[in-house]
Every structure is written in structure tokens, then in C-alpha cells.
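Below: one structure, written as C-alpha cells.
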Amino acid sequence: MNLEELVKYDLGDYDQEYLYPKSLTIADDDNWRHYELGPIIGFVVFNDKGWIGLAELGEDDDFWFVSEHPMYMSAFWTNEIYETFSRMNDWIKEHVFIGRDKTGEWIEKLIKPIQSEEIRCD
């Protein structure tokens, strides 16, 4: 089976009545997969003939799928991905409010002025 078929096979039983787990590992001999699932997005790390890959998963109404244009890469880059996502998360928390206000209305707005800035890699 290809990755799309494996994801459907592994996660196809989960839905709004039978909720998916946050973490799931499946070991079929050398064809293992490990899933980390959250609201809207998930990831699967997998063995593909000795190459350990990482792919992005999408979620819609608690049904999981390999995105039409997923992010595929070597699992070697996981730490760098985490650091980049963490920097983006920190920037968003500092500059943007996304959520409900005191009246319950959903809002998305800047909470800190944005100035052009470039930070180079060391």
C-alpha cells in the first residue's frame, strides 16, 4: 500500500463518534507508522524501504487524509521544523489575537504594530 492508502486504512475507523487518538503507532514488520494528530493537522512519520519520512496530514470532520500537496521530507528535519513552527507560534501570540471577545464574537486582529524586520541566520 502507498502512504495515502495506509493513512486511510490506519485512521479510517475514526470519525465524530469514534474520536481519533492524539498519538498512534502501528508496527507491521518493517512497515511501521507513527501518528501525532491534533485539531486540523497531523503528522505521520513512516519507514519507506529504509528511508524514514515525515508527511503532513489534513483533517476534515474527524476524517484524516494525506493532503493533496503534503509536506514530505526526511524525518531528520523534525527538530528544525519544530523550531520554525515554534518561532511562528511565538510571533503570532505576540502580534495577533484570534479567538472570541468578551461578547462571544469571533475576531482576528493585530494586537501589536508590525514593522519590517529581517533576522538573518547565524
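Only the coordinates and a few stated rules stand behind these numbers; no lab work does. Quantities reported herein were computed from a predicted structural model and do not represent experimental measurements. No Cβ is skipped: glycine too gets one built from the backbone with ideal geometry, and neighbour counts run over all protein chains shown.
Summary table
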{"item": "Listed residues Pro21, Tyr72, Gly104: farthest to the positive end of the dipole of the chain (Cβ charges)", "result": "Gly104"}
{"item": "Given charges at Cβ of Lys, Arg, Asp, Glu: the stretch 3-79 dipole, positive-most of Phe63, Tyr35, Leu11", "result": "Tyr35"}
{"item": "Summed residue charge, Cβ within 15 Å of Asn47's Cβ, Lys/Arg positive, Asp/Glu negative", "result": "-3"}
{"item": "Test item: Cα-centred dipole of the stretch 3-79, Lys/Arg +1 and Asp/Glu -1 on Cβ, debye", "result": "400 debye"}
{"item": "The stretch 43-120: Rg to Rh, with Rh as the Kirkwood radius over Cα pairs", "result": "1.10"}
{"item": "The chain, helix-only ellipticity at 222 nm - DSSP H runs n ≥ 4, -39,500 (n - 2.57), divided by all residues, nearest 500", "result": "-7000 deg cm²/dmol"}
{"item": "Calculated P(r) of the stretch 3-79 - Cα pairs past 13 Å, %", "result": "65 percent"}
